[in-house]
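J.: Please find one structure pasted underneath; my questions will follow.
Please treat every number below as a calculation from the coordinates, not as lab data. The structure presented is a predicted model; accordingly, all values stated were derived computationally and were not measured. Here the Cβ is made from the backbone with ideal geometry for all residues, glycine too, and neighbour counts use every protein chain on show.
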Amino acid sequence: MCGIVGYIGNKDASPILLAGLKRLEYRGYDSYGFCFINEGKASLFKRVGKIERTEKEFVDCNFKGNLAICHSRWATTGLVTEENAHPHSDCKGEIFVVHNGIIENYKELRTKLINEGHVFKSETDTEVLAHLIEKHFDGVLEDAVRKALKEVRGTYGLAVVSTKDPDKLVAARLSSPLIIGVGVDELLVASDPSAIIARTRQIIILDDYEIAVLRKDGFNIFKEEVENKKQIETIEWDIEQAEKGGYEHFMLKEIMEEGNVIEDAIRGRMLKEEGLVKLGGLDSVEKELRDIEKIILIGCGTAHYACKVGEYMLEEYADIPAETDIGSEFRYRKPVVDKNTAAIFVSQSGETADTLAALKEMKEKGILTLGVTNVVGSSQSRETNAGVYTRSGPEIAVASTKALVGQLTTLAMITVYLGRQREMALVMGKRIVEELIKLPQLAETILKTREDIKKIAEKYKDYRDFWYIGRKYNFPVALEGALKLKEISYIHAEGAAGGELKHGPLALVDENCPTIAICPTDSVYEKMISNIEEVKARKGKVIAIATEGNEEIGKIADDVIYIPKTLEMLTPIISVIPLHLFAYYIASALGRDIDKPKNLAKSVTVE
Ligand code: M6R
């Protein structure tokens, strides 16, 4: 996820874009950049880090121009460097592009363009767009953009300017949000309304495959070269709401992105016919991975629960012995490892001190280290031998939600990758890949039921203790559900394996302590039903997370939240979604400070 703002009008673009871009930093903040077009010349400014660090430097440059674009980056392809910061340009420095999204076929395009003589300055996928536009440029910028986009596969929200067609700004969209702001004698383009709301509330939402051409005196929007007359809408949100995409909290916005997170994680990585997963980040260690006989997965908090699910996946489908630990314990253990052990470190931030300390230990022992990381260029991604980015975009709320979904999806992909290196049959690889491709849609169907989940949450908001139970793949999901409820609602909650209830926790179950049972129709379903009956026999209320079509469960449980059917190993990726919503709506009903719960920090960089 990145932020884009562009301006064309009669005013000085610099302060307008600076203010707008600062509002979009929640979408990405590892580097930023501007391009101003003035009197046929382009001026560029790019820096690494948040805007506030170098804002004075930018202001002191006193850039002039009524036409400009800018971008705040959340790295996906290419490290966090000034060269990789947007805008990117063509060979001659005449065409400038800012982009949000992923160009899946950028490697092939880049090789082709290099063979045709183009010279690249960055490692990004975006730069191929600048060179493609250059290749097709024949005096009319929008025509070149249209032709260039026909060659790319992937997603984009983009804004393009050129010194060779200097009185226009061209914007285009496919699956990455982009809006046009219609002001008085000025037009703006932005990733979301928060960037432009201070100047205008009149917006047009660009749809997929549309290309907009903005000039000082007006604009046109085209789809397939045919002009599209679009309605101007008025935004009623205030600035803060706009930043959160109209949601009340970042946490809810992030939960609502969980379907997109799966889609972004798998984008360009699924080889359906071959039943394989392509993970470029593991290419450099592909051979060593073939010899690995044991994997240790390490993370903290929510990331640790992802590890736990990963352990089950790797053992069942890749046939590799796996174990899991939390960072703060692992570093004080004496783990038995040898040269055929690999360690996978899972972290959203890539900066969690306990996880990094465990990573250091493993590196000292000389074993292969892999990262499953969201933040590109973070310590974890730099320190591990190789790894896979989860591509979940910035997570702002302290409670981790969408990052977990990205981690689980990535671990499922790693399982297929390692499994297919070993005994996993083609048919099984294909099956998992096919089911992964369906997951974003399944996640969306759950998200659509959020009002029903809200009603259930409101019904249970006054209980002070909860149990969460699950078995096998959904045992870690139970732990996650309980952690989320504790973190943001301050209600006491415990997670347990369903089979453990009778070994102690049942003593606490009564009519005042509801149990959330994650019991999809899978290999442990019957066992979960026995556990639910144990709870009911003690007068405990039960909220079941069950598979669509299971009507029987309604006869035992007090409330049921349905999720669609998928492969057992992939169930946690979607069964966790209702638990995130449930915790959110309870905290919301109790009026908690959801995005910043007391006593907690987003990234725990101390031991
Ligand atoms: O950035 P990380 O994924 O390494 O963070 C790990 C934990 O600190 C994090 O998951 C924490 O447990 C969250 N507050 C959970 O919601």
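J.: State whether the range 244-448 is rounded, prolate or oblate according to the following rule on the C-alpha gyration tensor (a ≥ b ≥ c being the square roots of its eigenvalues): a/c under 1.5 gives rounded; otherwise a/b larger than b/c gives prolate, and the remaining case gives oblate.
T.: On the way: a/c = 1.97, a/b = 1.16, b/c = 1.70.
In terms of gyration-tensor shape, oblate.
J.: Which length gain, in nm to one decimal place, applies between LEU271 and TYR525 when the Cα-Cα distance is subtracted from 0.36 nm times their residue separation? Let's see the in-between values first.
T.: On the way: separation 254, 0.36 × 254 = 91.44 nm, distance 3.15 nm.
Extending this stretch completely gives an extra 88.3 nm.
J.: Residue by residue through the range 177-192, which ³J(HN,Hα) values in whole Hz follow from phi under the Karplus form 6.51 cos²θ - 1.76 cosθ + 1.60 (θ = phi - 60°), with glycine and proline marked x?
T.: x, 7, 10, 10, x, 9, x, 7, 6, 7, 10, 10, 10, 7, 5, 7
J.: Over all alpha-carbon pairs of the range 13-80, lay out the pair-distance distribution in 5 Å bins, whole %, shortest bin first.
T.: 4, 17, 30, 25, 15, 7, 2
J.: Show the residues, 5+ positions off or on another chain, whose built amide H is closer than 5 Å to the amide H of THR547.
T.: Residues meeting the criterion, in which the H sits 1.01 Å from N, are THR521, ILE563.
J.: Over the Cα atoms of the range 568-607, what is the Rg over Rh ratio if Rh follows Kirkwood?
T.: On the way: Rg = 13.8 Å, Rh = 12.3 Å.
On the Cα set of the range 568-607, Rg over Rh gives 1.12.
J.: Could you put HIS304, HIS99, HIS492, HIS249 in order, starting from the residue whose Cβ has the fewest other Cβ atoms within 10 Å? Can you show the working numbers first?
T.: Working: HIS304 25, HIS99 29, HIS492 14, HIS249 21.
Fewest-to-most ranking of HIS304, HIS99, HIS492, HIS249: HIS492, HIS249, HIS304, HIS99.
J.: In vacuo Debye scattering of the range 397-476, one point per C-alpha: log10 I(q)/I(0) at q = 0.25 Å⁻¹?
T.: -1.32
J.: Can you give me the C-alpha center-to-center distance between the range 87-161 and the range 316-347, rounded to a whole angstrom?
T.: 42 Å
J.: In nanometres, what is the gap between the two model label sites at LYS112 and LYS448, each 7 Å from Cα along Cα-to-Cβ?
T.: 3.7 nm
J.: Label the range 320-425 by shape, choosing from rounded, prolate and oblate, from the square roots a ≥ b ≥ c of the eigenvalues of the Cα gyration tensor; if a/c is under 1.5 it is rounded, and otherwise prolate applies when a/b is larger than b/c, oblate when it is not. Intermediate results must be reported in sequence, preceding the final value.
T.: On the way: a/c = 1.81, a/b = 1.12, b/c = 1.61.
It comes out oblate by the Cα gyration axes.
J.: Mind listing the phi-derived Karplus ³J(HN,Hα) values for the range 119-134, rounded to whole Hz, using 6.51, -1.76 and 1.60 with θ = phi - 60°, and x for any glycine or proline?
T.: Couplings: 10, 9, 10, 10, 9, 7, 6, 4, 4, 4, 5, 4, 6, 5, 5, 4 Hz.
J.: Tell me the Rg and the Dmax, in Å, that the Cα atoms of the range 3-235 produce.
T.: Over the range 3-235's Cα set, Rg and Dmax evaluate to 15.9, 48 Å.
J.: Return the Rg/Rh ratio of the range 425-531 with Cα-based radii and a Kirkwood Rh.
T.: Working: Rg = 16.2 Å, Rh = 15.6 Å.
Taking Rg over the Kirkwood Rh, I get 1.04.
J.: If neighbour count is taken as other Cβ atoms inside 10 Å, put THR373, THR571, THR605 in order from fewest to most. Working shown, then result.
T.: Details: THR373 31, THR571 26, THR605 13.
So the ranking, lowest neighbour count to highest, is THR605, THR571, THR373.
J.: Roughly what % of Cα-Cα distances in the chain sit above 46 Å, to the whole percent? List each step's numbers first, then the result.
T.: On the way: 33773 of 183921 pairs.
Percent of Cα pairs beyond 46 Å in the chain: 18.
J.: Continuing with this model, one more query. Report, largest value first, the span of the C-alpha coordinates of the range 450-596 along each principal axis, in whole Å.
T.: If we take the Cα atoms of the range 450-596, the spans are 39, 33, 25 Å.
J.: Would you mind checking the tilt of helix 402-421 against the longest principal axis of the Cα atoms of the chain, expressed as 0 to 90 degrees and rounded to 10?
T.: Compared with the principal axis, the helix lies near 80 degrees.
J.: Next question, about the same structure. Hey, fewest Cβ within 10 Å first, where do THR445, THR547 land in order?
T.: Lowest to highest Cβ neighbour count: THR445, THR547.
J.: Run lengths n ≥ 4 of DSSP H only: what is the helix-derived mean residue ellipticity at 222 nm for the chain, with -39500 (n - 2.57) per run over all residues, to the nearest 500?
T.: Details: 20 runs with 216 residues, N = 607.
After summing the helix terms and dividing by the residues of the chain, the value is -10500 deg cm²/dmol.
J.: Moving to a separate point now. Output the 0 to 90 degree angle, nearest 10, between the alpha-carbon long axis of helix 353-364 and the longest principal axis computed from the alpha carbons of the chain.
T.: With both axes taken from Cα atoms, the answer is about 90 degrees.
J.: Can you give the log10 of the normalised intensity I(q)/I(0) at q = 0.12 Å⁻¹, computed with Debye over equal Cα scatterers of the range 6-119?
T.: So the normalised log intensities are -0.44.
J.: Taking amide H atoms as placed 1.01 Å from N in the peptide plane, list the residues 5 or more away in sequence, or in a different chain, whose amide H sits under 5 Å from that of LYS541.
T.: HN-HN under 5 Å from LYS541: CYS513, THR515.
J.: Shape call for the range 183-285 from the C-alpha gyration tensor, a ≥ b ≥ c root eigenvalues: rounded (a/c under 1.5), prolate (a/b greater than b/c) or oblate? Walk me through the intermediate numbers first.
T.: Numbers: a/c = 2.90, a/b = 1.59, b/c = 1.83.
Here the range 183-285 falls in the oblate category.
J.: List the lysines whose Cα sits under 23 Å from the Cα of LYS112, skipping any in the same chain fewer than 8 residues away.
T.: The qualifying lysines are LYS92, LYS121, LYS135, LYS147, LYS150, LYS278.
J.: Right, here's the next one. For the range 367-458, run through the GluC sites (Glu not before Pro) and keep only the ones in DSSP coil with at most 16 other Cβ atoms within 10 Å of their Cβ. The partial results should precede the final answer.
T.: Values: sites: GLU383, GLU395, GLU423, GLU434, GLU435, GLU444, GLU451, GLU458; in loops: GLU395, GLU423.
When the GluC sites (Glu not before Pro) of the range 367-458 are filtered for loop state and at most 16 Cβ neighbours within 10 Å, GLU423 remain.
J.: Let me ask another. Could you give each residue of the range 246-262 its phi-based ³J(HN,Hα) in whole Hz, using Karplus coefficients 6.51, -1.76, 1.60 with θ = phi - 60°, and x for Gly or Pro?
T.: Couplings: x, 7, 6, 9, 4, 4, 5, 4, 5, 4, 5, 8, 4, x, 5, 4, 5 Hz.
J.: Counting DSSP beta bridges with both partners in the chain, what percentage is antiparallel, nearest 5? Show your work: numbers first, answer last.
T.: On the way: 64 of 103 bridges.
Within the chain, antiparallel bridges account for around 60 percent of the total.
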